[in-house]
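Here is the structure we will look at.
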Amino acid sequence: MIVQTMKLILTKITIAFLTLLSVQGQQNVIKLNLSSIVFENAYLSYERVFAKKLSFQLGLNYIHDRRIPFADNFGPLNGNESPMIGMKMNGWGITPELRLYTSIDRGAPKGFYISPYLRYNHYSFQRNNYEYKYKDIYDEDNQKTSSINFNGGASFVGGGIMIGHQWILG
């Protein structure tokens with residue numbers, strides 16, 4: 001199991017690295033965030049230079065069915081296991097940003113940048129067949145069990161200012 005997981009991660013990193021090296025140009029850059037793959041998330045972005053110091057980047061991310069992070073930290077629910085422990089999530093997001101490169105001797109897409117951005121994320125949550133045990137209100141010695149399905153979603157909108165430095169390999 002561990003060996004298969006490690007092979008899968010190594011394959012994804014290799015493909016990402018080859019993609020990063022082979023798909024770039026003076027005015028266009030396609031990027032794959034390698035650290036996101038380790039966390040079962042894919043983040044792909046496209047950056048287009050449209051002035052000497054200015055570019056626009058659009059990032060897309062996707063999370064395939066996975067456990068909710070830190071679900072083990074949720075306590076029991078009336079003596080039952082927390083429904084968060086078996087819950088799965090998936091989702092996607094989009095991040096547009098405008099990058100201003102500040103280097104005196106270099107232009108976009110290389111060097112130090114400041115970037116205002118917006119972000120929209122949507123997540124879906126699901127847990128099927130959660131066994132909830134409870135006492136009958138009319139007969140407290142009689143314990144009953146119900147099977148509950150949880151389905152839901154959440155959307156988030158945010159923004160901010162990012163600072164960073166970008167190197168172009170190759």
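The values are calculated or read from the model by the stated rules, or taken from the named source; none is laboratory data. None of these values were measured; they are calculated from a predicted model. Cβ sites come from the backbone with ideal geometry, for glycine too, and all protein chains shown count toward neighbours. The protein model used for the area step is the full one, side chains on, heavy atoms only, and it has no ligands, DNA or RNA in it. Shrake-Rupley method; radii C 1.70, N 1.55, O 1.52, S 1.80 Å.
Data for the structure
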read-out	value
Area of residue 136 that stays accessible when all protein chains are in place (1.4 Å probe, Å², to 10)	20 Å²
Restraint check, 88/135; 31/53; 88/133, Cα-Cα greater than 24 Å	88/135
At most 16 other Cβ within 10 Å, DSSP loop - trypsin sites (Lys or Arg not before Pro), the range 68-170	106, 110
Accessible surface of the range 120-164 [probe 1.4 Å, protein heavy atoms]: carbon and sulfur percent	48 percent
GluC sites (Glu not before Pro) within the range 42-110, DSSP loop, no more than 16 other Cβ atoms inside 10 Å	81
Potential lengthening between residue 105 and residue 48 on full extension [0.36 nm per residue; Cα-Cα distance subtracted]	18.6 nm
Loop-located chymotrypsin sites (Phe, Trp or Tyr not before Pro) in the range 75-151 whose Cβ has at most 15 other Cβ within 10 Å (DSSP)	138
